[in-house]
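Notes for the one structure printed next.
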Amino acid sequence: MSLAQAVSTSDLNLSSRAIAYFSMEIALSPQLPTYSGGLGMLAGDTLRSAADTSAPVVAISLVYRRGYFRQQLSEVGQQSETDVPWTPDQLPAAGPTVTLHLQDREIHLRAWRFDVIGTTGHIVPVFLLDSDLDANDAWDRKLTDHLYGGDSYYRLCQEAVLGLGGIALLRALGVKPEVYHMNEGHASLLTIGLLEERLNGRSLSEVTDADRDAIRQQCVFTTHTPVPAGHDQFGLDQMNQVLGTDRAAAIEAAGGLHNGLLNMTYLALCLSRYVNGVAMQHGKVSQYMFPEYKVHSITNGVHAATWLSPSFQELLDAEIPEWRIDNRYFRSVYGIDPARISAAHVKNKQRLFAWIARRTGHYFNPAVLTLGFARRVATYKRAGLLLHDPERLCALAEKIGGLQIIYAGKAHPADNAAKALIRDVYSAAAKLNSDSLKIYYVENYDWELGAMLTQGVDVWVNTPRRPYEASGTSGMKAALNGVPSLSILDGWWIEGCAENSTGWAIENGETEELEANSLYNKLEKSIAPLWSNPNAWARIQQHCIGMNGTFFNTQRMLSQYITNAYFPTGPSHFTVEAHADSDEGYSLTENAFVPAIK
Ligand SMILES: *Cc1c(COP(=O)(O)O)cnc(C)c1O
């Protein structure tokens, strides 16, 4: 595949781009290892919808010459990692080189341009910052090599490249956006870059409230997780060392320190005029976490053309071709014979099984009910809940005429607890696999496998510990392809679940045991009987697309960002008071977020 485009940077009308989107990771192409998981996918899907709708967006990220990583799993499920080196030389260079003053040195940066091209040809250029230049010393040249690798020093330097380097690059390219969108706190140093620019050479010690307010009016911040590890923090010594005492003082004066640490979430919060979580529930949880700031909600989506299987694209192109420009046409899937939807799904299932057989030599039976569970392996996502009661699971599989469960997911290289969870699934599979139950873990979950799985299984399973799943988007990909979910009521599923129509809710329980019980009950009493009735199942598949595909897409999501966050039309956004004494009745205990009992 050729990534290079014939368009020159000067043809892109950069000076009229009103929105600058900053993200630590962006999934741009299945061939490029510039993302790790959901955050990067969301960023990529957002930009793909921006291109489709001709939104005046430019984006900034890092090039990651050695990628995230490729996952290998041993016979017992022990994960090992290898780099995914690539050379950006196939992309057009963005032109100017910029310098970033860090510590006692200058870091020189260039950028490569990746064009996200929309259905009508509109281009959203993404500039990937790269420090691998002769002018830099050996260590600095590796600064844009690894996504989420290295220590906190490496990470802070990378965030400086993204935020401060990104602003410098935009200016060198002649881009002067009206809105800067920080996709997660990693990008929040851009606020300091904007302050520096505003002071125009004067010391940051002279920053006034009015200066900060001017920056705030331009900034939008999306927070993506209530999990504490997802909120970057750095020691004050490190902040001073890397950023210098002037910037450090400006960060402190703005309110970017929290509990004696530089906190990237707080830095973004205190210098943004609009803050949001990524599903309605996550907005509430974030409001509870940050009562001093007003937190809105804009529920995530997925880019339909990216995640719809070829068989569904063919069907929809024939019946409602306008879906490509306007996703609201998914609603008219109700005018399509449900049997044709089922037939498109059968193709996806066969395609997935053929793909797995080709790669691994493992064969699945297309006639058997198949569950999919694939996501970043993190303890709160509880990959093991489905296997909580092995005896019950085996008995259930036999009773309903067979069950296949396909797992996939990468653990962060430094997360040993998560790596142990993968080994647990392996050992359960070794013990439980039988004629009626087949459990299999596919290695190296990535874009391609993610698409295959969400299109090809029969039911998508998600079992996070509440309230830690901020949104989740894989279930949305499944829904678009007529695949219902069986999930804990957390994140997007609170909005997406219509029981027995778009899927099933695992009932909230006080213990894992109760939740696992509910999961098994739903499988046995609700799902299996419907599965054995093709007409009823086809209706469910139709509802998934008609009800959820219509809404949980990035086209709807981006339009909400445009009207609510980027260019709000009403005054309410500026006058709503912070919910300091919110009476929502929520409480965050150490491992569960549950509505307080009144
Ligand atoms: C969609 C996707 C994700 C995010 O899915 P979640 O539901 O948030 O876990 C992560 N990784 C890949 C490869 C994906 O395609």
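The values are calculated or read from the model by the stated rules, or taken from the named source; none is laboratory data. None of these values were measured; they are calculated from a predicted model. Here the Cβ is made from the backbone with ideal geometry for all residues, glycine too, and neighbour counts use every protein chain on show.
Given the conditions (1) within 16 Å of the ligand (Cβ to nearest atom); (2) at pLDDT 95 or above; (3) over 27 Å from ARG48 (Cβ atoms), which single one is not true for THR379?
(2)
Does ALA138 satisfy being under 27 Å from ILE562 (Cα atoms) and of a type in the set (Gly, Ala, Ser)? Please lay out each step first, then the result.
Values: under 27 Å from ILE562 (Cα atoms): no; of a type in the set (Gly, Ala, Ser): yes.
When the stated conditions are applied, ALA138 does not pass them.
Out of ASN508, ASN521, which single residue is at pLDDT below 95 and either under 30 Å from ALA418 (Cβ atoms) or in contact with a Leu (Cβ under 9 Å, 6 or more places away or on another chain) (or both)? Walk me through how you get there before you give the answer.
Numbers: ASN521 fails: at pLDDT below 95.
ASN508 is the lone residue from the list that is at pLDDT below 95 and either under 30 Å from ALA418 (Cβ atoms) or in contact with a Leu (Cβ under 9 Å, 6 or more places away or on another chain) (or both).
I'd like the full set of residues that are more than 16 Å from the ligand (Cβ to nearest atom) and within 25 Å of the chain's Cα centre (by Cα), limited to region 397-412. I'd like the intermediate steps shown before the answer.
Start the filter on region 397-412 by keeping residues that are more than 16 Å from the ligand (Cβ to nearest atom), which leaves 397-405.
Result: ILE405, single match.
Does any residue of region 162-179 turn out to be touching a Phe, Trp or Tyr at 6+ places or on another chain (Cβ under 9 Å), over 20 Å from PRO125 (Cβ atoms), in the same structural domain as LEU39 (by TED's automatic domain parsing) and part of a helix (DSSP H, G or I)?
There is no residue in region 162-179 that is touching a Phe, Trp or Tyr at 6+ places or on another chain (Cβ under 9 Å), over 20 Å from PRO125 (Cβ atoms), in the same structural domain as LEU39 (by TED's automatic domain parsing) and part of a helix (DSSP H, G or I).
What are the residue pairs meeting all of these: first residue in region 145-157, first residue on the phi > 0 side of the Ramachandran plot, second residue part of a loop (DSSP other than H, G, I, E, B), Cβ atoms under 7 Å, and 6 or more apart or on different chains?
Listed by first residue and then by second, the contacts come to TYR148/SER36; TYR148/TYR68; TYR148/HIS412.
Scan region 461-483 residue by residue and report those that are within 11 Å of the ligand (Cβ to nearest atom) and of a type in the set (Ser, Thr, Tyr).
Scanning region 461-483 gives SER471, THR473, SER474.
Kindly indicate whether any position in region 32-53 is β-branched (Val, Ile, Thr), closer than 26 Å to ASN416 by Cβ and within 23 Å of the chain's Cα centre (by Cα).
Our first condition is that a residue be β-branched (Val, Ile, Thr); within region 32-53, this holds for 34, 46, 53.
Subset that is closer than 26 Å to ASN416 by Cβ: 34.
The next check asks that each one be within 23 Å of the chain's Cα centre (by Cα); those that pass are 34.
Scanning region 32-53, I find at least one residue that is β-branched (Val, Ile, Thr), closer than 26 Å to ASN416 by Cβ and within 23 Å of the chain's Cα centre (by Cα), so the answer is yes.
So THR306 passes all but one of these: (1) in a helix (DSSP H, G or I); (2) more than 16 Å from the ligand (Cβ to nearest atom); (3) not small (Gly, Ala, Ser). Which condition number does it fail?
(2)
Might you check whether a residue that is under 29 Å from the mean Cα position of the chain (by Cα) and surrounded by 19 or more Cβ atoms within 10 Å (Cβ to Cβ) occurs anywhere in region 196-213?
Of region 196-213, the ones under 29 Å from the mean Cα position of the chain (by Cα) are none.
No - not one qualifying residue is present in region 196-213.
Inspect all residues belonging to region 450-460 and state whether any of them is more than 12 Å from the ligand (Cβ to nearest atom), part of a loop (DSSP other than H, G, I, E, B), among the β-branched types (Val, Ile, Thr) and modelled with pLDDT of 95 or more.
Let us first name the residues in region 450-460 that are more than 12 Å from the ligand (Cβ to nearest atom), namely 456-459.
So of that shortlist, the ones also part of a loop (DSSP other than H, G, I, E, B) come out as 457-458.
Keeping just the survivors that are among the β-branched types (Val, Ile, Thr) gives 457.
From the residues that got through so far, the ones that are modelled with pLDDT of 95 or more too are 457.
There is at least one residue in region 450-460 that is more than 12 Å from the ligand (Cβ to nearest atom), part of a loop (DSSP other than H, G, I, E, B), among the β-branched types (Val, Ile, Thr) and modelled with pLDDT of 95 or more.
Find the helices (runs of 4 or more DSSP H) located wholly in region 473-538 whose residues include 1 or more that are more than 22 Å from the chain's Cα centre (by Cα), surrounded by fewer than 18 Cβ atoms within 10 Å (Cβ to Cβ) and of a type outside the set (Asp, Glu), and list them. Lay out the reasoning, then the answer.
Numbers: elements: 474-480, 493-496, 512-521, 528-531.
It comes to 512-521, 528-531.
Which is crowded, with 21+ Cβ neighbours inside 10 Å, closer than 20 Å to LEU73 by Cα, at pLDDT 95 or above and away from the ligand (no atom under 16 Å from the Cβ), of LYS419, LYS438? Show your work before the answer.
Numbers: LYS419 fails: crowded, with 21+ Cβ neighbours inside 10 Å.
Within the list LYS419, LYS438, the selection yields LYS438.
In region 103-146, what count of residues is obtained for those that are assigned to a helix (DSSP H, G or I) and out of contact with any Lys or Arg (no Cβ under 8 Å at 6 or more places or on another chain)?
Step one: of region 103-146, the residues assigned to a helix (DSSP H, G or I) are 138-141.
Pick out the ones that are also out of contact with any Lys or Arg (no Cβ under 8 Å at 6 or more places or on another chain) and you get 138-139, 141.
So the answer is 3.
Touching a strand residue (DSSP E or B) at 6+ places or on another chain (Cβ under 8 Å) and touching a residue at least 24 places away in the same chain (Cβ under 8 Å): does that describe ARG247? Spell out how you get there, then give the answer.
Values: touching a strand residue (DSSP E or B) at 6+ places or on another chain (Cβ under 8 Å): no; touching a residue at least 24 places away in the same chain (Cβ under 8 Å): yes.
No, not satisfied.
I'd like the full set of residues that are surrounded by fewer than 24 Cβ atoms within 10 Å (Cβ to Cβ) and under 21 Å from ALA210 (Cβ atoms), limited to region 170-192.
Within region 170-192, LYS176, PRO177, GLU178, VAL179 meet the criteria.
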